[in-house]
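S.K.: Before I ask anything, let me first share the structure, which is written out below as structure tokens.
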Amino acid sequence: MSPTEAPQDAHEWLSFEDLEEERTWVFDVTFLTSAWTCIYGQGCQGVLTGPAPELEQGCCSYGAHFVDKADARRVEKIATTLSPAEWQFHAKGQKGVVKENRHGELVTRLVDGACIFLNRPGFPTGSGCSLHQVALSRGKNPLELKPDVCWQLPLRREDEAAGDGHVTSTLRQWDRKHWGPGGAEFHWWCTESPEAFVGHRPVYEEMKAELIEMVGKEPYARLVALLDERAKRLARGVALPHPALRTR
């Protein structure tokens with residue numbers, strides 16, 4: 001690639017200061033304004049080393065990694081409310097749904113090569129995460145029942161604290177590299193695949209509830225306002241001006 005060519009992995013970013021905290025928010029505009037959507041069961045090839053759409057495992061093949069003990073305990077408690085009619089591996093779940101892997105991380109147990117909560121093709125409720133299905137049947141948002149990493153995907157928040165205590169919080173798409181070395185072995189990953197960019201609304205609207213949970217109502221509202229301003233300026237062929245030159 002010529003040095004003058006734009007790299008294929010280039011992203012546009014938007015940042016602003018938090019009004020209440022010593023924090024700078026940084027958002028991946030390229031992804032948040034894209035038409036990405038989850039295509040589980042509709043062309044998703046899964047994250048094994050080869051294409052396996054017929055298994056309908058999505059990104060559940062390796063189970064969920066909990067962010068902390070509270071996350072794990074919350075899901076353990078929710079698991080006790082599921083019935084055999086809702087959860088294919090209910091009987092196996094009575095022996096526990098969380099384990100500690102060889103790296104000392106808390107993860108969901110696996111059954112037959114995938115997460116214990118994943119209902120497989122042929123189960124009466126259909127294939128898919130039993131926690132997700134139950135949330136919808138109970139009139140809840142799936143983020144209330146699922147492990148944090150599961151409802152956040154493919155969004156990722158990274159917080160970096162400077163020496164003076166100021167925090168930079170970056171909200172971006174989840175890439176292969178965020179899975180560690182194993183991510184390079186995936187045959188397919190949805191944020192890299194054009195097949196997944198077929199949604200009818202931009203990500204920041206489609207995943208509004210998830211974004212608010214991850215960054216808060218006020219930062220989300222400011223993000224939307226800035227994206228609206230950006231869209232109007234782009235329609236006029238004007239790039240976002242420097243803050244010092246922007247009309248207040």
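S.K.: Among the residues of the range 9-42, how many are within 18 Å of residue 227 (Cβ to Cβ) and outside any loop (DSSP other than H, G, I, E, B)?
M.R.: 14
S.K.: Something else now. Tell me which of these residue 247 doesn't satisfy, since it passes every other one: (1) of a type in the set (Ser, Thr, Tyr); (2) modelled with pLDDT of 95 or more; (3) not assigned by TED's automatic domain parsing to the domain that holds residue 37.
M.R.: The failed condition is (2).
S.K.: Here is a list: 233, 222. Which entry is free of Cβ contacts under 8 Å to residues at least 60 places away in the same chain, under 19 Å from residue 12 (Cα atoms) and not in a loop (DSSP other than H, G, I, E, B)?
M.R.: On the way: 222 fails: free of Cβ contacts under 8 Å to residues at least 60 places away in the same chain.
From the options 233, 222, the qualifying one is 233.
S.K.: Has the range 83-96 got any residue that is surrounded by fewer than 16 Cβ atoms within 10 Å (Cβ to Cβ), over 25 Å from residue 169 (Cα atoms), touching a strand residue (DSSP E or B) at 6+ places or on another chain (Cβ under 6 Å) and in contact (Cβ under 8 Å) with a residue 12 or more places away in the chain? Lay out the reasoning, then the answer.
M.R.: Pass one, the range 83-96, residues surrounded by fewer than 16 Cβ atoms within 10 Å (Cβ to Cβ): 83-85, 90-92, 94-96.
Narrowing the set further to residues that are over 25 Å from residue 169 (Cα atoms) leaves 83-85, 90-92, 94-96.
Still in the running and touching a strand residue (DSSP E or B) at 6+ places or on another chain (Cβ under 6 Å): 92.
Among the residues that remain, those that are also in contact (Cβ under 8 Å) with a residue 12 or more places away in the chain are: 92.
So far as the range 83-96 goes, yes, one or more of its residues are surrounded by fewer than 16 Cβ atoms within 10 Å (Cβ to Cβ), over 25 Å from residue 169 (Cα atoms), touching a strand residue (DSSP E or B) at 6+ places or on another chain (Cβ under 6 Å) and in contact (Cβ under 8 Å) with a residue 12 or more places away in the chain.
S.K.: Check whether at least one residue in the range 207-229 is more than 24 Å from the chain's Cα centre (by Cα) and under 17 Å from residue 29 (Cβ atoms), and report yes or no. Steps first, answer last, please.
M.R.: Here is the first cut: in the range 207-229, the ones more than 24 Å from the chain's Cα centre (by Cα) are 229.
In the following step, the residues that additionally are under 17 Å from residue 29 (Cβ atoms) were identified as 229.
Within the range 207-229, one or more residues are more than 24 Å from the chain's Cα centre (by Cα) and under 17 Å from residue 29 (Cβ atoms).
S.K.: While we're on this one: I need the full set of residues from the range 174-225 which are in contact with a Lys or Arg (Cβ under 9 Å, 6 or more places away or on another chain), closer than 26 Å to residue 105 by Cβ and of a type in the set (A, V, I, L, M), in order please.
M.R.: 184, 214, 215
S.K.: Mind listing whichever residues of the range 153-180 are within 16 Å of residue 219 (Cβ to Cβ) and in contact (Cβ under 8 Å) with a residue 40 or more places away in the chain?
M.R.: If the condition is that a residue be within 16 Å of residue 219 (Cβ to Cβ) and in contact (Cβ under 8 Å) with a residue 40 or more places away in the chain, then 155, 157, 166, 167, 168, 169, 170, 171, 172 are the ones that fit.
S.K.: Something else now. If residue 25 satisfies every condition in (1) free of Cβ contacts under 8 Å to residues at least 60 places away in the same chain; (2) in contact with a strand residue (DSSP E or B) (Cβ under 8 Å, 6 or more places away or on another chain) but one, which is the exception?
M.R.: Unmet condition: (1).
Conditions tested, residue by residue: (1) over 14 Å from the mean Cα position of the chain (by Cα); (2) farther than 11 Å from residue 88 by Cβ.
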| position | (1), (2) |
| --- | --- |
| 113 | yes, yes |
| 117 | yes, no |
| 122 | yes, no |
| 126 | yes, no |
| 151 | no, yes |
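The values are calculated or read from the model by the stated rules, or taken from the named source; none is laboratory data. The structure displayed is predicted, hence computed values, not measured ones. Cβ: placed from backbone, ideal geometry, glycine included. Neighbour counts: every protein chain shown.
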